[in-house]
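Values in this text are rule-based calculations from the coordinates and carry no lab data. Being a predicted model, the structure only gives us computed values, none of them experimental. FYI the Cβ positions are ideal-geometry reconstructions off the backbone, even for glycines, and counts take in every protein chain you see.
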Amino acid sequence: MTEKNDHPVMDKTTPEVVDTKKTQEVLEKYDAESRVRNVKNRNIAIFISLIAILYSIYHLYVTYNPIPALLQRSIHMSVGMALVFLIFPTFKKQNRAAIPVYDWVLFLLSIASSLYLIVEYNAIVTTRGGIPNTVDILFAIMTVLLVLEAARRVTGLILPILALIFLSYPFFSHMDWLPNMLITRAFDLGDIFGQLYLKTEGLFSTAIGASVQFIFLFILFGAFLTKSGMGQLFNDLAMALAGSKQGGPAKVAVISSGFMGSINGAAVANVVGTGSFTIPLMKKIGYSKNFSGAVEASASIGGQILPPIMGASAFIMAETTGIAYGTIALAALIPAVLYFLAVIMQVHFRAGRRNLKGIPKADLPRAKDVLKERGHLLLPIAGLILMLYMGIPVSFSAFYTIILTVIIASLRKVSRMGIKEILGALEDGARQSLSVMIACAVVGIIIGVVNLTSFGSVMTSAITSIGAGSLFLTLFLTMIASIILGMGLPSIPAYIITATMTAPALAEFGIPILVAHLFVFYFGIFANITPPVALAAFAGAGISGGDPMRTGFTALRLALAGFIIPYLFVYNPAMLLVDVTGLPVNATEFPLPPMMEVILITITAVIGIVGLGAALEGYFQTYVNVFLRIILGAGSLMMIIPETVTDIIGFIVVAVVFAVNIIKSNRDASVPKSAS
């Protein structure tokens, strides 16, 4: 992960780093978007690179020169699809050195799907008033099929199959054999495909709108950061700060993977990319294969909930809820910190229980040297946060931050980017955006059907009726639904689907919109480490050589706090740092709750999470027996619950168990080894 001349001492710690071939095999097995062609024809390769670079330039241009939403989104989608058919093979085992003729045909049809809208735009909007004619319907059907095929190549089968299930619904939703709550009026082809293709409520919904306006720019920002060496900065800084501590490599994995996961938004790719470095180090000092892979998976997933970027999902949330991005990022801060604290504490206690030491300081870079060499790369992120806080529009902030990255990176030779690197970043950003773009397009099919048939209200009604008026039961059912809907999906489509299908059920109980969306967002994200479809954990197992299902359940245990925290901020939203009850739409200011309440909730939650970690691992200062682990776990959960009485009882329980453990540890330490 480092250049030979950067920190030679680190070479001593990395003799077992997973080889590139194995890393790529694991990535391709669990991450469909990594299965790309390596075209041998130089002219064709240059052609693909040129389109990708122009694709990035287009997004930079429309940031300041927007065109009608339908056209802007259709160009974003069609050119992206065209790139998909050139870059991604039809099948896993297909020859990747050449592009078959039929993919060139699909490439041209993808371009045609937006050219038709450009040519017919005035007629569609004015003359026909959005009512489709026969040619409109044919182009709509063609575009939907292209989107589904492109999504199959990039994301795998789960998302296209889910979209097809939804797409089939309006064709028979008027049938008498359906349950009454599912019956609608009859829809014809014009109703269905006009909704999907001619309006901004289907393929070109707010999902693809956020992709073209915000998400693409932040992915491009991430590509520029990567070219400048940000990944190495995070790894080296984490090694310098935590590498020598108890269980150091695992803590390094949590810190570096969390930050990188927040920026790149690709959990599986982050597991493989960062894990190829951290997992061998964890195994080397004594962590098991399953635990090593689980640590990497739980940290990479956690990056999706970590401000300031949150894997770009926060921008979709801002677009969906109408709440300012800065408010969302601030609200997500304490829950994210608590989650990572929970993972680190389990890592720490596991290391203590097994007496796993860190890496000798002599074999690690010094924080001072790391910051001196690459610390300036943190300035663009600081600049981004400042611009968002100042209320500068998100798209403009992203644009300025990209420019700022190039300027700041040029301050030092080690990070400086020339024309070649800048063009490479433009190309990489375009390539990396394709999975998000096509996922948003497919989700648009689901959104279009939900809007057309009012299926969302049916889902809301079903959840609330089964919940029988109980908030906790409704939350639990919403959690299960969100996990099921999010299984096997990238973070952004997982959030969009759960926000569309399950979040409205919480509104029936008067839960503020921000709280409801953060609740379903958490569980849609954590579906990726929830067996039986725990793709991030499976990828970690592929790198570590562990058992996929055992790694998945271990990751689930490490992420247990992530399944508790959403309930915590539903019952006491003060943890979100903003007064969600009085939150104005399109808020640009942060209405604050009482600070003392925030402080007390945070302190009790921190103590509870530390206690929960000790209970799960059976270790604090020394071993904790099974009986005390159960008592400690119960007391810790009582502290996490935001009630005064439970906090007091929980605090007494945790304090007593910790005191007993400390006394036992001191007594054991005072006994001579010969007498023990």
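Quick notes
- Here L157, L518 are placed in order of increasing Cβ neighbour count within 10 Å, fewest first, which gives L157, L518.
- Rounded to the nearest 0.05, the FRET efficiency derived from the C-beta distance between D191 and N65 at R0 = 45 Å is 0.85.
- Ordering P493, V39, G248 by Cα displacement along the dipole of the chain toward the positive end leaves G248 in first place; charges were set at the Cβ atoms of Lys, Arg (+1) and Asp, Glu (-1).
- Extended-chain gain in nm, criterion 0.36 nm per residue less alpha-carbon gap, V337 and Y389: 16.7 nm
- Pairs from the list K245/K372; K92/K199; K251/K284 with a Cα-Cα gap above 26 Å: K92/K199.
- Charge dipole (debye, nearest 20) of region 31-158; +1 at Cβ of Lys and Arg, -1 at Cβ of Asp and Glu: 520 debye
- Three-way shape label, region 73-184, alpha-carbon gyration tensor, a/c 1.5: oblate
- Axis of helix 248-264 versus longest Cα principal axis of the chain: the two differ by about 20°, to the nearest ten degrees.
- Computed E for A362/T134 - FRET, C-beta separation, R0 60 angstrom, nearest 0.05: 0.20
- Charge dipole (the chain, unit charges on Cβ, about Cα centre) - positive-most of F349, L217, L616: F349
- Computed from Cα atoms, the angle from the helix 20-30 axis to the main principal axis of the chain rounds to 70 degrees.
- In this structure, I648 and F627 have a Cβ-Cβ separation that, at R0 = 30 Å, corresponds to a calculated FRET efficiency of about 0.85.
- For region 496-540, the residues whose backbone nitrogen is under 12 Å from a point 7 Å from the Cα of M549, taken along Cα to Cβ, are 531-533.
- Using Cβ point charges alone (K and R +1, D and E -1), the dipole size of the chain about the Cα centre works out to roughly 2380 debye.
- Read-out Cα extents along the principal axes in Å, derived from the coordinates shown; its label in [x] 99, 54, 49; [y] 92, 63, 47; [z] 95, 92, 44: [y]
- Think of the chain as a dipole: +1 on every Lys or Arg Cβ, -1 on every Asp or Glu Cβ, centred on the Cα centre; then among H59, I328, I279, I279 lies furthest on the positive end.
- Order of F171, F519 - criterion: other Cβ atoms within 10 Å of each residue's Cβ, fewest first: F171, F519
- Folded to 0 to 90 degrees: helix 333-353 orientation relative to the chain principal axis, Cα: 50 degrees
- Peptides ranked, highest mean first, by Cβ atoms within 10 Å: ranges 46-57, 238-249: 238-249, 46-57
- Gain in span if fully extended, N41 to K284, counting 0.36 nm per residue against the direct Cα distance: 83.2 nm
- Using a simple spin-label model with pseudo-atoms 7 Å out from Cα toward Cβ, A634 and S461 lie 4.3 nm apart.
- Residue exposure proxy: V406, V268, V295, ordered by other Cβ atoms within 10 angstrom of their Cβ from fewest to most, comes out as V406, V268, V295.
- A protection proxy built from the mean count of other Cβ atoms within 10 Å ranks the segments 309-318, 180-189, 598-607, most packed first, as 309-318, 598-607, 180-189.
- Model label zone, A123; criterion: amide N under 18 Å from point 7 Å along Cα-to-beta-carbon; scope region 65-83: 71
- The magnitude of the dipole of region 594-676, with charges of +1 and -1 set on the Cβ of Lys/Arg and Asp/Glu and taken from the Cα centre, is near 440 debye.
- Mean residue ellipticity (222 nm) of the chain, computed from DSSP H runs ≥ 4 via -39,500 (n - 2.57), nearest 500: -22500 deg cm²/dmol
- Packing-based order for 141-151, 448-458, 531-541, using average beta carbon neighbours within 10 Å, highest first: 531-541, 141-151, 448-458
- Pairwise label distance in nanometres, L241 with K92, each label 7 Å out on the Cα-Cβ vector: 3.8 nm
- Simple spin-label estimate for I403 and I603 in nanometres, 7 Å along Cα-Cβ: 4.7 nm
- Whether region 428-552 is rounded, prolate or oblate, judged on the alpha carbon gyration tensor where a/c under 1.5 counts as rounded: oblate
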